[in-house]
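*Asks:* Here it is, the structure in full.
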Amino acid sequence: MRKLSLVLLLLAALVMSVAAQDAVELRMVWYNDGNEGEVVRDLLDRFEADNPDIKVVIETVGYSDGILQQLPLQVQAGEAPDLARLTQFAQLRDYYLDLTPYLSDAETFASYFPAPLLAAFRPDGDETGIYGIPTQLTVTGPYINRTLFEQAGVEVPSDTSDAVTWREWVDAAQAVAEATGTDYAVAIDRSGHRIAGPMISSGATIIDSEGTVTIDSEGFRAFAEELKRWHDEGLTPTDVWLGSGGNYAPATNYFLNGQVVLYMAGSWQIGNFDANIGDAFDWEAVPNPSGPGGSTGMPGGATLMAFASTEHPAEVARVMEYLASPEVYAEFTARTLFIPGHLALPEFEYVTESESAAAALNVFVAEVPKLADQAWALQLYAHFTPLANSMRDRLTQYMIGELSLDDAIARIQQDIDEAIAAAGG
């Protein structure tokens, strides 16, 4: 009997060993704004339990260093992961895996997501391929520390008006900062994407229907001058734009720590604020400021993309189908407090007891129909990454006095013209 038990144990161990050896390991590069890494890991743990032949290893990286800088270099050097979560997907469109042959129901899968987004993932000449999924939509927009407004006795402009300009918002925030001894009135992430919305609201027309980019416009100049004023007058933390070493830099911690009254960021911060502000102060999202170009933020979002260099395309497709399934996607959305990019979700409730988080979600959902055509055109523009980076960097040179505004605009135009030419038009 002992010999039989021993044989059975050895056979079981052998089977487990073979199963472990046969499991395909997929590498997923991922960045976090809030709790989404924790949520997707939990979901994938369930997937792996039901699919023991696949193991997904999540490599969590910083957004600026890992996603914006290192990932493109790795992909172009032939060292792409199997999957990656990214935002500026256009620059890598020639490297993605067409999932269509590997999906169990490609037609249904495609119906889950907005057709313009799926089309934007495709390389030139491809009209049908499926290369990834939007993990969420985002909308840029401002947040305020309402507690500071109440302490200062200053009226929140959007409480009484549906059309508040950037100058009116910053003037009110400055009054609050001065009355409460708060360090800064306003902050905005060091990002070309983040300033694009305010520029469009200010009247900038950067890209036309033919895809021609023209930087110099009255609206572009107006917001560039406003951004410089914030720095010149000490209304904003200078280290975000002027001391970040040429990289993307968020101003998130200033808002979390109660050091800024008005923070221009976006819907992806809701989960972060819900988790980390707690009872420290009352915070809320407010509508985008208005101007000659309307009241608009920038659309955006993160996407989960598959790479053609993977050695396991069928397994990658199975992971994508799982994460795209309506029930799983709905849970991911509910727990991360994101705006969904899925068209076929069942009814769900966001997992939060925070009134601030629930209200902020409603504000950003209401911003989606207000997004300007110019904002959508820029977001889906194939060369938006080099354009946004040049806007960010040349305007920094303008703010520190290295370039005049005329020269900064000329250099941005030159940068994007060269980027288009280098990419073959």
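Please treat every number below as a calculation from the coordinates, not as lab data. Predicted, not measured: the structure shown is a model, and the values here were computed from it. Neighbour counts run over all protein chains shown; Cβ positions are idealised from the backbone, glycine included.
*Asks:* Quick one: Debye curve from the alpha-carbon atoms of segment 113-228 only, equal weights, vacuum; give me log10 I(q)/I(0) at q = 0.11, 0.15, 0.16 Å⁻¹ to two decimals.
*Replies:* Treating every Cα as an identical point scatterer, log10 I(q)/I(0) equals -0.56, -0.86, -0.92.
*Asks:* Taking the Cα atoms of segment 356-425, report the difference between the largest and smallest coordinate on each principal axis, in whole Å and largest first.
*Replies:* 43, 33, 17
*Asks:* With no solvent and one point on each alpha carbon, what is the Debye value of log10 I(q)/I(0) for segment 144-209 at q = 0.20, 0.23 Å⁻¹?
*Replies:* Taken in order of the listed q values, log10 I(q)/I(0) reads -0.87, -1.02.
*Asks:* Could you estimate the translational diffusion coefficient of segment 161-246 from the Stokes-Einstein equation, with Rh from the Kirkwood formula over C-alpha pairs, at 4 °C and 1.567 mPa s, in whole µm²/s?
*Replies:* 91 µm²/s
*Asks:* Taking every pair of alpha-carbon atoms in segment 90-175, give the share separated by more than 14 Å as a whole percent.
*Replies:* Roughly 72 percent, once rounded to a whole number.
*Asks:* In a shell of Cβ-Cβ distance under 13 Å around Pro52, excluding Pro52 itself, what net charge do Lys and Arg (+1) and Asp and Glu (-1) give?
*Replies:* Taking every other residue near Pro52 into account, the sum is -4.
*Asks:* Related question: Pairing the Cα long axis of helix 36-50 with the longest principal axis of the chain, what angle in degrees results, from 0 to 90 and rounded to the nearest 10?
*Replies:* Compared with the principal axis, the helix lies near 10 degrees.
*Asks:* Between Leu242 and Thr60, what is 0.36 nm times their sequence separation minus the Cα-Cα distance? Round to one decimal in nm. Don't skip to the answer; put the middle values down first.
*Replies:* Working: separation 182, 0.36 × 182 = 65.52 nm, distance 2.73 nm.
Gain on extension, Leu242 to Thr60, equals 62.8 nm.
*Asks:* Further, regarding this structure: Residue by residue, what Karplus-based ³J(HN,Hα) values in Hz, rounded to whole numbers, does segment 264-279 have, using 6.51, -1.76 and 1.60 with θ = phi - 60° and x for Gly and Pro?
*Replies:* Computed from phi, the couplings for segment 264-279 are 8, 9, x, 5, 5, 8, 4, x, 4, 5, 4, 7, 10, 8, x, 9 Hz.
*Asks:* Kirkwood Rh over alpha-carbon pairs of segment 238-315, then Stokes-Einstein at 37 °C and 0.692 mPa s: what D in µm² s⁻¹, rounded to an integer?
*Replies:* After rounding, the answer is 204 µm²/s.
*Asks:* Could you give the semi-axes, largest first, of the ellipsoid that matches segment 50-127, computed as the square roots of 5 times the alpha carbon gyration tensor eigenvalues and rounded to whole Å?
*Replies:* Details: eigenvalues 105, 73, 29 Å².
Here the semi-axes work out to 23, 19, 12 Å.
*Asks:* Short version: ³J(HN,Hα) in whole Hz for each residue of segment 168-182, in order, from phi by Karplus 6.51 cos²θ - 1.76 cosθ + 1.60 (θ = phi - 60°), x for Gly and Pro, what are they?
*Replies:* Residue by residue, segment 168-182 yields 5, 5, 5, 4, 5, 5, 5, 4, 5, 4, 5, 6, 9, x, 6 Hz.
*Asks:* If neighbour count is taken as other Cβ atoms inside 10 Å, put Asp232, Asp274 in order from fewest to most.
*Replies:* Asp232, Asp274
*Asks:* Could you list Glu367, Glu38, Glu321, Glu347 so that the one with the fewest beta carbons within 10 Å of its beta carbon is first and the one with the most is last?
*Replies:* Fewest to most other Cβ atoms nearby, the residues stand as Glu347, Glu38, Glu321, Glu367.
*Asks:* Ok, one more. Rg/Rh for segment 304-350 to two decimals, with Rh computed the Kirkwood way over all alpha-carbon pairs.
*Replies:* When Rh is taken as the Kirkwood radius, the ratio is 1.07.
*Asks:* While we're looking at this one, here's another question. So what is the orientation-averaged projected area of segment 218-362, using the convex hull of its C-alpha atoms, in nm²?
*Replies:* Working: hull surface 49.9 nm².
With every direction weighted equally, the projected area is 12.5 nm².
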